[in-house]
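See structure below.
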Amino acid sequence: MVGSPESKRYVEVIIDTAVRDLDRPFTYELPAEISAGVQVGSMALVPFNNRLSLGYVVGFPPRSDLSRIKSVSRIVDEPPLFDFDSMRLCKWIASHYLCPLSRSFHLVVPPGRSRKVKQLVSLAVRARDALIAVAGDDAAVKVVNELNSAGELDIDALKKLIGAGPAVTGVKSMEEKSLVKRRFALTRPAANARTRLVVHATPVASDWNAINKLPGRQREIVDELIARGGVEFQSDLLQSVGASHASLKSLAKKGVLEIAGEEVLRQPWLGASSGGAVRHKPNARQQAAIDRVSTVIEEGRHKVFLLEGVTGSGKTEVYIHSIEKALEKGKQAIVLVPEISLTPQTVERFESRFPGDVAVLHSRLGPGERFDQWRGARDGRYRVVVGARSALFAPLANIGLIVIDEEHEPSYKSDTSPRYNARDVAVVRARMAGAVVILGSATPCLESVERARAGLYERLELPKRIDNRPLPEVEIVDMRETGGAGEVPLLSRRMLDALSRAVEAGDQAILFLNRRGFSNYMQCRACGQIMGCDDCEVSLCYHSRGNMMLCHHCGMRRNVPPACPSCGGGPMKQFGAGTQKVEEELMKHVPGVTCIRMDADSTTTKDAHWRLLGKFRAGEAQVLIGTQMIAKGLDIPSVTFVGVINADTALALPDFRASERTYQLLTQVSGRAGRGLRPGLVVIQTFNPDHPTIKAMTGGTGTFIEAELESRSRANYPPFVDLVNVMVTSPEIAAASRSAERMRHILDTDLDGTGAIILGPAPAPLSRLRGLYRWHILVKSADLDKISDRLITAVGRFYDYSRTFPPGKSVKVSLDVDPVSLL
DNA sequence: AGCACGCCGACT
DNA sequence: GTCGGCGTGCTC
Ligand SMILES: [Zn+2]
Ligand SMILES: [Zn+2]
């Protein structure tokens, strides 16, 4: 490029802020000195409204008509944080989920590398001189004192120390007298590349004459290094020889070897491998699915497959063969599994088939490990990425296949902005990359079912379990008839009999306690007071461990009070069943039975979850009693009995997906039975045996899906309309309701004529969470794209209006597009 | 968001 | 007369 003064370069920058009306490109001049290597995705430090801000380069306009253009201060982190394809995906996410573009960039940038601009202030003169100069100015005196003791201070830290007002005015008045220096700095990233010292042998090391002249210790080092192929980490080499650093340095000086720092990837330890690569031969149905997927991958076309396979039908085998095909074509693959299923066993299934080629991204990784897995994927060291939701954004250059296992899982939906659903974004990413998607599930969500019917997705079915093993037989027990005149038992006669039989036959059993919409609680026997969370509108759950009460929504814990805090009466009593109660009940009726309990209580520590499952798998107990966490992924051949203690507690939840969820959960749990050689039996206890969801469990799932779709269609719910939940929150109860009402009026005018249906405002079913009062306004539309601009406008108008007529403290309005939970 | 400017009450 | 409150405007 010619460096003539006229050929100025410009960049468009998206400022890294969540503020909606700043979510647009700002144009800056790019000084020639720093313009080398700047690309889309580069991070730029730019002057922005009397301060410096970070932003992302999104474009290079050839010229600009703006009169006052500032220049980029500097480019941070040489290589760009994302590429053009990622930017395209981010733009789609921002426009679909109605979030600021900068927010969607956070999904694709390297993890742990985010930075913030901080303002540092320090004294420009001696403290005593400064004190004299500011005498009488209280704020400035405070600033001087703090800066004198701390040296240089972050302005935010100063605000915390002496208050925001004095900090700002004090610093400002001092700045006018040149008593303080202000400078901008970037925070350190949480993760950095790790370098280790590596020793390389030079040609001299193979020269016998030279080596034989070396002192003994040094010769040992060289021998060992050669034995290890001429390259080894310095620390490992020294340790194995038992030599000191001095001898190594001496060798380096003689030119026998070279020592250099090299970047290494940290490998997260996933636990011991449980076995070798078992290569199953696909059965006919599996092979048919594999062939179909392979054909499309071979053609290099984009396509979405809905792989509907009953529990135990071997969906993973289809995934693995499809991945093989993608790799064979020189492409890469992403496999998403629900966080809870991301166990060492799951990873092992892929790692054993693609040894050394699998990156794993999950929440248990430390920042450094996560960064390295990400980096390894970007640099082509791994070709398969397995992970939970956010692994969808793994930086693979040439994606051929994206697998979404258990595609119906609600955990694929993010509950923080951007509130994306990985299942849906996967389809978009694949479409942009010309890749194939496999959505796998035994119980696909109705959205996917409907899209398959419309011909948007191609359906592949695995209607039978592998090796022709039968699906478990399902029995429904009507709990209304079990109690007789007395109390309804926790475990019915039928349940106990069936469980005993399985255990006596030497098999294992699972008892499932549905916690959703049903939990234990503490209540005063005298006045009826129920112990609730201070910050949420829910009752606290009693946990025997530590005699504590815990809020399952915000994590608040509290000791059980000796007396009722409301009336001062006697001790509180526990109501509702926990796994412990189930165990007690079971022991009473089946003496000598051995149990393992798995719930939030028993799995508090990091690996307890996997450890307990491992014990059960190893046959150390006959019965596994657990909550939601045992519903998925468990594949234990000796489990022949599954008992569902309370099938219908989640049916009554105020959520249009309550039936669908219950159906999915019950199917998943039932699917744990009879996966081995002996057939399985499932007993489901219910108070609603005639409910379509429960009936669907004994056959006729097709009719259930049909009826459910029909009712969604009638009531105008997804998949037949697009849904947006407008969420209004505030720590003040009146502000929340007032604002929700105000927002409704704004929506009424802004959405007028679009045909959108507006419901509410209504207090959210979970009306208070983490100290915030919550209101919902539901917007239904035939076509989201037609109203999305108006929704953004409405939110903007709400905030504008709130500035002149504040409705109260910290009111927030957020938009949840395609909401999954309406609680 | 966050920073500066500007116009009004309550201090010297 | 000035100090500082926060309403308002703006950010290439
Ligand atoms: Zn009481
Ligand atoms: Zn809580």
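The values are calculated or read from the model by the stated rules, or taken from the named source; none is laboratory data. Since the structure is predicted, the reported quantities are computational estimates derived from the model, not experimental observations. Positions of Cβ are backbone-derived with ideal geometry, glycine not excepted, and every protein chain shown enters the neighbour counts. Quick note on the areas: whole protein, heavy atoms, side chains included, nothing else; ligands and nucleic acids left out. Shrake-Rupley method; radii C 1.70, N 1.55, O 1.52, S 1.80 Å.
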Six or more apart or on different chains, Cβ atoms under 6 Å: show the pairs whose first residue is in the range A:248-275 and within 30 Å of A:Val204 (Cα to Cα) and modelled with pLDDT under 85 and whose second is among the acidic types (Asp, Glu) and surrounded by 14 or more Cβ atoms within 10 Å (Cβ to Cβ). A:Leu265/A:Asp372
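A quick yes/no check of all residues on (1) under 20 Å from A:Gly671 (Cα atoms); (2) among the hydrophobic types (A, V, I, L, M, F, W, C); (3) over 31 Å from the mean Cα position of the chain (by Cα):
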position	(1), (2), (3)
A:Arg429	no, no, no
A:Glu447	no, no, no
A:Glu450	no, no, no
A:Leu456	no, yes, no
A:Lys464	yes, no, yes
A:Asp467	yes, no, yes
A:Asp478	no, no, yes
A:Val488	no, yes, yes
Tell me, yes or no, whether the range A:197-220 has at least one residue that is surrounded by 13 or more Cβ atoms within 10 Å (Cβ to Cβ), of a type in the set (Lys, Arg) and part of a helix (DSSP H, G or I). yes
Checked against (1) at pLDDT below 95; (2) under 24 Å from A:Val682 (Cα atoms), A:Gly486 satisfies every condition except (2)
Hey, could you check the range A:540-553 for residues that are open to solvent by less than 40 Å² (accessible area, probe 1.4 Å) and part of a loop (DSSP other than H, G, I, E, B) and say which is farthest from DNA strand C (Cβ to nearest atom)? A:Leu540
Suppose we filter the range A:157-186 for residues that are at pLDDT 85 or above and open to solvent by 40 Å² or more (accessible area, probe 1.4 Å); how many remain? 4
Does A:Val682 qualify as being at pLDDT 95 or above and in contact with a strand residue (DSSP E or B) (Cβ under 8 Å, 6 or more places away or on another chain)? yes
Would you be able to say whether some residue in the range A:540-551 is among the polar types (S, T, N, Q), more than 16 Å from ligand 2 (Cβ to nearest atom) and at pLDDT below 85? yes
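Taking the stated definitions as given, is A:Val40 more than 16 Å from ligand 1 (Cβ to nearest atom), closer than 27 Å to A:Ile792 by Cα and in contact with a strand residue (DSSP E or B) (Cβ under 9 Å, 6 or more places away or on another chain)?
Numbers: more than 16 Å from ligand 1 (Cβ to nearest atom): yes; closer than 27 Å to A:Ile792 by Cα: yes; in contact with a strand residue (DSSP E or B) (Cβ under 9 Å, 6 or more places away or on another chain): yes.
Taking the combined requirement at face value, the residue satisfies it.
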Considering only residues that are surrounded by 15 or more Cβ atoms within 10 Å (Cβ to Cβ) and within 13 Å of A:Gln119 (Cα to Cα), which ones fall in the range A:143-156? A:Leu153, A:Asp154, A:Ile155
I'm trying to understand the selection: among the residues of the range A:393-421, which are surrounded by fewer than 24 Cβ atoms within 10 Å (Cβ to Cβ) and assigned to a helix (DSSP H, G or I)? A:Pro410, A:Ser411
Taking only pairs six or more apart or across chains, which ones have beta-carbon atoms under 8 Å, a first residue in the range A:153-165 that is within 16 Å of ligand 1 (Cβ to nearest atom), and a second residue that is open to solvent by 20 Å² or more (accessible area, probe 1.4 Å) and assigned to a loop (DSSP other than H, G, I, E, B)? none
For the range A:114-142, which positions are open to solvent by 30 Å² or more (accessible area, probe 1.4 Å) and farther than 27 Å from A:Pro47 by Cα? A:Arg126, A:Arg128, A:Asp129, A:Leu131, A:Ile132, A:Ala133, A:Ala135, A:Gly136, A:Asp137, A:Asp138, A:Val141, A:Lys142
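Is it true that some residue in the range A:147-159 is small (Gly, Ala, Ser) and assigned by TED's automatic domain parsing to the domain that holds A:Glu12? Quick ask: steps written out before the conclusion?
Our first condition is that a residue be small (Gly, Ala, Ser); within the range A:147-159, this holds for A:149-151, A:157.
After this cut, where a residue has to be assigned by TED's automatic domain parsing to the domain that holds A:Glu12 as well, the list is none.
No; the residues of the range A:147-159 include none that is small (Gly, Ala, Ser) and assigned by TED's automatic domain parsing to the domain that holds A:Glu12.
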Among the residues of the range A:321-331, the number that are surrounded by fewer than 24 Cβ atoms within 10 Å (Cβ to Cβ) and closer than 20 Å to A:Glu407 by Cα is 1
Flag for A:Leu66 being over 32 Å from the mean Cα position of the chain (by Cα) and either away from ligand 1 (no atom under 16 Å from the Cβ) or farther than 25 Å from A:Lys118 by Cβ (or both): yes
Identify the single condition in (1) out of contact with any strand residue (DSSP E or B) (no Cβ under 9 Å at 6 or more places or on another chain); (2) within 13 Å of DNA strand C (Cβ to nearest atom) that A:Ser71 does not satisfy, given that it satisfies every other one. (1)
Selection status of A:Thr603, open to solvent by less than 30 Å² (accessible area, probe 1.4 Å) and in contact with a helix residue (DSSP H, G or I) (Cβ under 6 Å, 6 or more places away or on another chain): yes
Check whether at least one residue in the range A:623-637 is away from ligand 2 (no atom under 16 Å from the Cβ), under 32 Å from the mean Cα position of the chain (by Cα), more than 18 Å from A:Asn514 (Cβ to Cβ) and open to solvent by 30 Å² or more (accessible area, probe 1.4 Å), and report yes or no. yes
Flag for A:Leu784 being under 21 Å from A:Arg712 (Cβ atoms) and touching a Phe, Trp or Tyr at 6+ places or on another chain (Cβ under 8 Å): no
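Take the range A:44-79 and flag every residue that is within 16 Å of DNA strand B (Cβ to nearest atom) and among the basic types (Lys, Arg).
Here is the first cut: in the range A:44-79, the residues within 16 Å of DNA strand B (Cβ to nearest atom) are A:45-55, A:68, A:70, A:73.
Selection gives A:Arg51, A:Arg68, A:Lys70.
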If we keep only residues of the range A:75-128 that are more than 19 Å from the chain's Cα centre (by Cα) and among the hydroxyl-bearing types (Ser, Thr, Tyr), then the residue nearest to DNA strand C (Cβ to nearest atom) is A:Ser95
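Among the listed residues A:Arg451, A:Arg469, A:Arg501, A:Arg493, which satisfies the condition of being out of contact with any Pro (no Cβ under 7 Å at 6 or more places or on another chain), within 29 Å of A:Arg103 (Cβ to Cβ) and open to solvent by 20 Å² or more (accessible area, probe 1.4 Å)?
Working: A:Arg469 fails: within 29 Å of A:Arg103 (Cβ to Cβ); A:Arg501 fails: within 29 Å of A:Arg103 (Cβ to Cβ); A:Arg493 fails: within 29 Å of A:Arg103 (Cβ to Cβ).
Result of the check over A:Arg451, A:Arg469, A:Arg501, A:Arg493: A:Arg451.
Listed residues A:Ala135, A:Ala140; which is outside any helix (DSSP H, G or I) and either more than 27 Å from A:Arg20 (Cα to Cα) or within 16 Å of DNA strand C (Cβ to nearest atom) (or both)?
On the way: A:Ala140 fails: outside any helix (DSSP H, G or I).
Result of the check over A:Ala135, A:Ala140: A:Ala135.
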When the range A:104-132 is checked residue by residue, the ones that are assigned to a loop (DSSP other than H, G, I, E, B), within 20 Å of A:Asp77 (Cβ to Cβ) and of a type in the set (A, V, I, L, M, F, W, C) are A:Val109
In the range A:554-573, is there at least one residue being surrounded by 16 or more Cβ atoms within 10 Å (Cβ to Cβ), within 27 Å of the chain's Cα centre (by Cα) and within 16 Å of ligand 1 (Cβ to nearest atom)? no
When you scan the range A:287-309, do you find a residue that is surrounded by 15 or more Cβ atoms within 10 Å (Cβ to Cβ), basic (Lys, Arg) and not assigned by TED's automatic domain parsing to the domain that holds A:Gly380, even just one? no
Could you tell me which residue of the range A:525-539 is most open to solvent (accessible area, probe 1.4 Å), considering only residues that are in contact (Cβ under 8 Å) with a residue 12 or more places away in the chain and within 15 Å of ligand 1 (Cβ to nearest atom)? A:Arg525
